[in-house]
Amino acid sequence: MKIDWKKAIGLTAAVSMLVPLAACGSGSNSSSGSSGTEDVTLSVWAPQEDQAKDSNWLGKVEENFTKAHPEYKITWKNDVVSEGDASKNVATDPASAADVYMFASDQLGTLIEQGGIGQLGTDAEKQVKEQNGDLEINSVTGTDGKLYGVPYTDNTWFMYYNKSKISADEAKDFDAMLAKAKVTFPMSNSWYIGGFFDGLTLFGKNGTDEKAGMVFPKDGADITSYLVDVVANPNFSDDDGASGLAAIKDGSADVLFSGTWSAKDVQEALGDNYAATQLPTFTVNGQKKQMKSFAATKAAAYNPNAKNTKAAAQFAAYLGSTESQKLHYEMRSIPPTDKSLADLTKDDIAAQAQADTMANTAILQSGLAGMNDWWTPAETFGKALVNKEITKDNAASKYQDWVDQAKGTIAK
């Protein structure tokens, strides 16, 4: 069933406007304490890794928030839900979902449709705009132009390489690397395949224009033909999600495309030859193209159905605060989005590569529900390339099939 976005956003915004009224302590989970404090119960969803005994970042942030808000006597109820599973769990029953949770920004449209995410208040909106770049801000912006989440880390992929095999200049050019080194790339993965289609736009400049839809580059057939040559190159291998890292570890690959989650393993495998950078260019029919990753964020949000929306909204903002992001990096090596913390990661090779990619070689992965039309067709197209079902002779028709299956259009 198609849900009317305007009605969904209107309802969410209307509930969110009640946040200031929550200061009165209305709701069954808050009451006045004998010392003038307000008794508050907050339920929180966060990944297992943020609640582990040896790295309980969530517990420390809750402790800090409690100290910063002596007006509350808080009872915390924490459960394990990863950012990637947020919308699925909210969908079960938005009214009984956690008061505060962490989510992957590509779920934003779905969460708004579910009525399970609250619009940020004035202070939190100011915080987000001061801390982040345009891409991060757009990642948590609804079709109404309002903000619905507090980013705390970026979510994208970039390039690792063995610097004993590839120079810094060569690392800027995909074709130069493929000519002399072993390159593994997740061609059959729908999150990566779009990286070669320079000119692709996803629901407008800011990813929030439903009517704009997905627009594929007009020379996509030529790019497809180029990729036929790439997969046929003996120096290329498709990364199935595990084979790429395994190849880096055993020395059968020199280049890997992945994210910060692979940093520790790649660094251990390459040792002193460990390097990472933003994405390279490549050349199609004499024209230089820029490889671009899909970029999103992970963010904190509050549930507008919470009994105490004021406290919930305050804690969501605190999860993405400068102090909490700094602690996240120190405890779990999660790179912050907060620009004021840039010096914190200046010696972190992977974090710098991620930041450069977000700034220079990425496009926003839209949070609109229409983005769901991308994944299966893109995967099918990538697998057809890897399986050599796509040839130079049928490249144009196969490209058109992909565009049609994704309900997209080709730029004129």
Determine the alpha carbon to alpha carbon distance for each of Lys53/Lys126; Lys165/Lys205; Lys146/Lys339 and list only those over 31 Å. Lys53/Lys126; Lys165/Lys205
Entries of Lys383/Lys412; Lys264/Lys383; Lys346/Lys412; Lys298/Lys388 with Cα pairs more than 32 Å apart: Lys346/Lys412; Lys298/Lys388
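Can you give me the relative contact order of the range 128-258 as a percent, contacts being Cα pairs under 8 Å and 6 or more apart?
Taking the mean separation of contacting Cα pairs over the length of the range 128-258, I get 32 percent.
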Accessible solvent surface per residue of the range 43-202, calculated while the other protein chains remain in place, 1.4 angstrom probe, Å²: 38
Distance from the Cα centre of the range 155-220 to that of the range 58-106, in angstrom? 34
Of the listed values (1) 1.03; (2) 1.01; (3) 0.98, grab the one calculated as Rg/Rh (Cα atoms, Kirkwood Rh) from the structure here. (2)
Straight-line reach from Lys392: which aspartates and glutamates have a Cα under 16 Å away, not including same-chain ones fewer than 8 places off? Asp219, Asp222, Asp229, Asp401
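Of all the accessible heavy-atom surface of the chain, with the other protein chains kept in place and a 1.4 Å probe, what percent is carbon and sulfur?
Numbers: 8580 of 17880 Å².
That fraction is 48 percent.
Quick check on the chain: helices-only [θ] at 222 nm, where DSSP H runs of length 4 and up contribute -39,500 (n - 2.57) each and the sum goes over total residues. Nearest 500, please.
Rounded to the nearest 500, it is -10500 deg cm²/dmol.
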Quote the relative contact order of the chain in percent (integer), defining contacts as alpha-carbon pairs under 8 Å separated by 6+ residues. 25
When only C-alpha pairs under 8 Å and at least 6 residues apart count, what is the relative contact order of the range 127-184, in percent? 19
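The values are calculated or read from the model by the stated rules, or taken from the named source; none is laboratory data. Everything numeric here is computed off the predicted structure, so don't read it as measured data. When the accessible area is computed, the model is the full protein with side chains, heavy atoms only, and any ligands, DNA or RNA have been set aside. Shrake-Rupley method; radii C 1.70, N 1.55, O 1.52, S 1.80 Å.
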